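Just below is one structure, and these are the notes that go with it.
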Amino acid sequence: MSDTLQTIKCPACNKEMVKVFIPEEGINVDICLNGCGGIFFDNREFNKFDEKHENIDEILKSIEGKTFIKVDESLPRTCPVCGSKMVKNYSSANRTIQIEECYSCGGKFLDNGELQKIRAEFDTEEERSQATMQELYRTVGVKLQEIEDERKAAIAKQSPLSRLFNSMIYGR
């Protein structure tokens, strides 16, 4: 989905969001400058700003010196572009920052300050990917070990004749 050109309402506080043009990328980022300070990224925009080396000067300039209202981050949110319910997900395998994602149109909403926190987590996309793989191996590895332990326990409970038969047929 391409950059949303219509004015949208903030999914956190329902105030009208302001389009901030990012010349380097040629896109508009929607920021809630008159409400909570949240940022909405259309599909595929977020990955242009989530790493330390990527330029967010225009975003920082637009929020500089502003005071934003507090919102209840636990409340469900609706995508301002397509109207679908947004899903809370962690921004990385570290599981410290929750963001809202729209599975229908691919938009992402970050509460005030979350973009800076996400950028501070990892220096590069490679580090972020490596942390994801480590978490995946840790999680899947534990589950695989549980399955193997259950299999061994089931074999131990078999009769000697069943074990002999299984070893002849399955080699175990």
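The values are calculated or read from the model by the stated rules, or taken from the named source; none is laboratory data. Because the structure is predicted, anything quoted here is derived from the model rather than measured. Cβ placement follows ideal geometry from the backbone for every residue including glycine, while neighbour counts extend to all protein chains displayed.
I'd like the residue in the stretch 20-35 that is surrounded by fewer than 16 Cβ atoms within 10 Å (Cβ to Cβ) and either outside any loop (DSSP other than H, G, I, E, B) or at pLDDT 95 or above (or both) and, out of all such residues, is nearest to the chain's Cα centre (by Cα).
Among those residues, the one meeting the criterion is 21.
So that you can scan it fast, the table gives a plain yes or no per residue for (1) part of a loop (DSSP other than H, G, I, E, B); (2) outside the structural domain of residue 31 (by TED's automatic domain parsing):
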site: 105; (1), (2): yes, no
site: 109; (1), (2): no, no
site: 130; (1), (2): no, yes
site: 134; (1), (2): no, yes
site: 137; (1), (2): no, yes
Among the numbered conditions (1) in contact (Cβ under 8 Å) with a residue 12 or more places away in the chain; (2) in a loop (DSSP other than H, G, I, E, B), tell me where residue 62 comes up short.
(2)
For residue 78, state whether it is surrounded by fewer than 18 Cβ atoms within 10 Å (Cβ to Cβ), touching a residue at least 12 places away in the same chain (Cβ under 8 Å), over 30 Å from residue 130 (Cα atoms) and β-branched (Val, Ile, Thr).
yes
Filter result for the condition that a residue is in the same structural domain as residue 104 (by TED's automatic domain parsing) and in contact (Cβ under 8 Å) with a residue 40 or more places away in the chain, over 26, 37
37
If we keep just the residues of the stretch 139-172 that are over 28 Å from residue 94 (Cβ atoms) and either outside any helix (DSSP H, G or I) or of a type in the set (Val, Ile, Thr) (or both), which is modelled with the lowest pLDDT?
172
